[in-house]
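Following: one structure in structure tokens, then a few remarks.
The values are calculated or read from the model by the stated rules, or taken from the named source; none is laboratory data. This structure is a prediction, so every number in the text was calculated from the model and none was measured. Cβ sites come from the backbone with ideal geometry, for glycine too, and all protein chains shown count toward neighbours. Accessible surface areas use protein heavy atoms only, side chains included; no ligands, DNA or RNA. Shrake-Rupley method; radii C 1.70, N 1.55, O 1.52, S 1.80 Å.
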Amino acid sequence: MKKIEKNRTHQKHRKMNILRNINFKQIFILLFASQLMWSCKMGKDYQSPDVVTPADYRFGTDTLVSTASDTIAWWELISDPLLDTLIVTALENNQDVDIAMQRIVEAQKLYRMQKVQTRPGLEYAAGVNYGNYSGFVNPQGAALSYYGGAQLNWEIDLWGKNRRLSEAAMADYKGTLYGLRAVQLSVIAGVTEAYIRLLENHASLKVAEETLASRDSSIQIMVDRYEFGYIPEIDLNQAQIQQAIAAASVPTYKRLIALSENSLAVLLGENPRGFLVDFELDDQKKPPIIPAGIPSDLLLRRPDLQRAEHAIMSQNAKVGSAIAQRFPTISLTGFAGAATEFLSTTNSAAGAWNLGAGIVGPLFQWGKNKRRVEVEKARLEASIAEYERSVILAFQEVEDALASVQFYREELIARERHVRAARNAERLSKERYDRGVTSYLEYLEQQRQAFEAELNFINVKSRILVSYIQLYKALGGGWITREEKAEAEQQNN
């Protein structure tokens, strides 16, 4: 028994001295040599694509020129407490915003996973074998053997393959951050436009109901006049036609109100429902002047353009990684643990360790690696073209919004004059008809023109508000939340 206990103690001390037997000097030499080659990376470093930007905008010369991208907040554009509440709710509950946030989490985890690919990996390994073969046949017969310990694997990123992939993952991650901001701006603009359409449809419904009430009250007078033979039947029919037109417009605008409410509810992340509107379209004030800024600043102000540029960064890094895959891969391996000698008894376990290096490289793969590089380069060119197209479309959106703001304001002045003149013409025409000076057809025509003039006037007022929101979005927006603005102002102070 004393002999067995002595063997166990000896075995225990031998296991504790495993790491002491490792030649750390050799390990440090290998690590130092690998670091000397660490700076090599295949492929070209990223360079921003050359994009031609206009010197100034075609329209909106009365807008302030500013280089600050965050000078306008959405809650300053349209002062409406209900709209503020709706936008805050949408930013919290909209599913597109949630998806964009999860894309950020996904990209962040993928970057962290890729980043550690350049670091050594430590694993545990253990095994039990029984037999007479362990690389060669032992004539003494079968026996039990086992091993256990830690195993080191390290792929030396000599050509920068994993570092390029880390660059790509980081660019993808930053792209998702800009993607979230782009989605938030779209939600803000979408909620605002849906709310303005809802106000427009309510205003149009009010005009339609007032017109219908007016024609309902006059239709009985026309019936009485016809029955007493004062007017021909065609006058009665024309009056009935105008009454039917007004009656048909009422359910039309009720339907549009329902559709606007449904769209608004979905943007809030809710099931379709109705909304109690406290403010009318006429209560909305003209938005403040939006600083258009310098056209070249648009590349930095628009989150969707920033996201597109980071897609180029990511693809450029993937080209470098594809080039690196055409070169050999060098790996370092190591093991430290305990193992029995081959076919020995289990109580004679000894410290075991080894260090090794290996090289693996493509020899002949029918041009697969070359084609991989060509594929990634083609994708890079495509991402550059997509970015250039996005820039052109961004300038178009700004120009469209500036033109809409400018010309809708001019149109509103004319529409307002049109409404005043049409209402007065309708009044005078009715007086002329009552005195028998003119035909009923003239009066009906003036009624029709006044009705259409009021609806067009409402539509232009709505379009002006929408065009300001579209300009806000086209210029890259501003602050997303009040907390964000307050935090930035506090940091600047």
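Residues that are part of a helix (DSSP H, G or I) and of a type in the set (Gly, Ala, Ser) within the stretch 94-133 comprise ALA100, ALA107, listed in sequence order.
Note on the stretch 407-452: among residues that are touching a Ser or Thr at 6+ places or on another chain (Cβ under 6 Å) and without any contact (Cβ under 8 Å) to a residue 60 or more places away in the chain, the one that is farthest from ALA292 (Cα to Cα) is ARG432.
Being at pLDDT below 80 and surrounded by 15 or more Cβ atoms within 10 Å (Cβ to Cβ) is true for just one of ILE289, ILE196, ILE231, ILE257. Which residue is that? Step through it out loud before you land on a result.
Working: ILE289 fails: surrounded by 15 or more Cβ atoms within 10 Å (Cβ to Cβ); ILE196 fails: at pLDDT below 80; ILE257 fails: at pLDDT below 80.
ILE231 is the lone residue from the list that is at pLDDT below 80 and surrounded by 15 or more Cβ atoms within 10 Å (Cβ to Cβ).
Once the stretch 473-492 is narrowed to residues that are of a type in the set (Gly, Ala, Ser) and either in a helix (DSSP H, G or I) or open to solvent by 50 Å² or more (accessible area, probe 1.4 Å) (or both), the residue that is nearest to LEU300 (Cα to Cα) is ALA474. Residues that are modelled with pLDDT under 85 and part of a loop (DSSP other than H, G, I, E, B) within the stretch 292-308 comprise ALA292, GLY293, ILE294, listed in sequence order.
Got at least one residue in the stretch 78-89 being among the small types (Gly, Ala, Ser), in contact with a Lys or Arg (Cβ under 7 Å, 6 or more places away or on another chain), open to solvent by 60 Å² or more (accessible area, probe 1.4 Å) and more than 18 Å from ALA169 (Cβ to Cβ)?
Here is the first cut: in the stretch 78-89, the residues among the small types (Gly, Ala, Ser) are 79.
Next, only the ones that are in contact with a Lys or Arg (Cβ under 7 Å, 6 or more places away or on another chain) stay: 79.
Now drop any that are not open to solvent by 60 Å² or more (accessible area, probe 1.4 Å), which leaves 79.
This time we only want the ones that are more than 18 Å from ALA169 (Cβ to Cβ), so: 79.
Yes: the stretch 78-89 contains one or more residues that are among the small types (Gly, Ala, Ser), in contact with a Lys or Arg (Cβ under 7 Å, 6 or more places away or on another chain), open to solvent by 60 Å² or more (accessible area, probe 1.4 Å) and more than 18 Å from ALA169 (Cβ to Cβ).
Within the stretch 292-324, the only residue that satisfies the criterion of being among the hydroxyl-bearing types (Ser, Thr, Tyr), buried (at least 22 other Cβ atoms within 10 Å of the Cβ) and farther than 20 Å from GLY179 by Cα is SER321. Within the stretch 199-228, the set of residues being open to solvent by less than 40 Å² (accessible area, probe 1.4 Å) and of a type outside the set (A, V, I, L, M) comprises GLU200, ASN201, SER204, THR211, ARG215, SER218. Find the residue count for the stretch 380-406, including only residues that are surrounded by 17 or more Cβ atoms within 10 Å (Cβ to Cβ) and either within 20 Å of ARG164 (Cα to Cα) or without any contact (Cβ under 8 Å) to a residue 60 or more places away in the chain (or both). Number satisfying all stated conditions: 3.
Taken as a whole, the structure places TYR472 among residues that are touching a Gly at 6+ places or on another chain (Cβ under 9 Å) and among the aromatic types (Phe, Trp, Tyr).
Looking only at the stretch 267-286, how many residues end up being touching a helix residue (DSSP H, G or I) at 6+ places or on another chain (Cβ under 9 Å), part of a loop (DSSP other than H, G, I, E, B), open to solvent by 40 Å² or more (accessible area, probe 1.4 Å) and not acidic (Asp, Glu)? Spell out how you get there, then give the answer.
Going through the stretch 267-286, the residues touching a helix residue (DSSP H, G or I) at 6+ places or on another chain (Cβ under 9 Å) turn out to be 267-284, 286.
Those still in the list that are part of a loop (DSSP other than H, G, I, E, B) too: 268-280, 284, 286.
Now narrow it down to the ones that are open to solvent by 40 Å² or more (accessible area, probe 1.4 Å): 270-274, 276-280, 286.
Then keep just the ones that are not acidic (Asp, Glu); that gives 271-274, 276-277, 279, 286.
Summing the residues that are touching a helix residue (DSSP H, G or I) at 6+ places or on another chain (Cβ under 9 Å), part of a loop (DSSP other than H, G, I, E, B), open to solvent by 40 Å² or more (accessible area, probe 1.4 Å) and not acidic (Asp, Glu) in the stretch 267-286 gives 8.
Answer with yes or no whether PRO328 is open to solvent by 30 Å² or more (accessible area, probe 1.4 Å), modelled with pLDDT of 80 or more and touching a Gly at 6+ places or on another chain (Cβ under 6 Å). Against the criterion (open to solvent by 30 Å² or more (accessible area, probe 1.4 Å), modelled with pLDDT of 80 or more and touching a Gly at 6+ places or on another chain (Cβ under 6 Å)), PRO328 qualifies.
Checking GLY127, GLY148, GLY190 one by one, the residue that is surrounded by 13 or more Cβ atoms within 10 Å (Cβ to Cβ), farther than 30 Å from TRP74 by Cβ and of a type outside the set (A, V, I, L, M, F, W, C) is GLY148 and no other.
Return the total of residues in the stretch 218-233 being part of a helix (DSSP H, G or I) and without any contact (Cβ under 8 Å) to a residue 24 or more places away in the chain. Steps first, answer last, please.
We begin by selecting, within the stretch 218-233, every residue part of a helix (DSSP H, G or I); these are 218-227, 233.
Still in the list and also without any contact (Cβ under 8 Å) to a residue 24 or more places away in the chain: 218, 220-227, 233.
Count: 10.
In the stretch 152-168, is there at least one residue being over 32 Å from the mean Cα position of the chain (by Cα), open to solvent by less than 20 Å² (accessible area, probe 1.4 Å) and at pLDDT 85 or above? For the stretch 152-168, residues over 32 Å from the mean Cα position of the chain (by Cα), open to solvent by less than 20 Å² (accessible area, probe 1.4 Å) and at pLDDT 85 or above: absent.
Residues are listed down the side, and each one gets a yes or a no for (1) on the phi > 0 side of the Ramachandran plot; (2) at pLDDT 90 or above:
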residue	(1), (2)
PHE395	no, yes
GLU426	no, no
ALA474	no, yes
GLY477	yes, no
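Taking each residue of the stretch 270-295 that is farther than 21 Å from TRP479 by Cβ and looking for partners that are open to solvent by 20 Å² or more (accessible area, probe 1.4 Å) and assigned to a loop (DSSP other than H, G, I, E, B) with beta-carbon atoms closer than 6 Å, six or more apart or interchain, yields PRO295/THR53; PRO295/PRO54.
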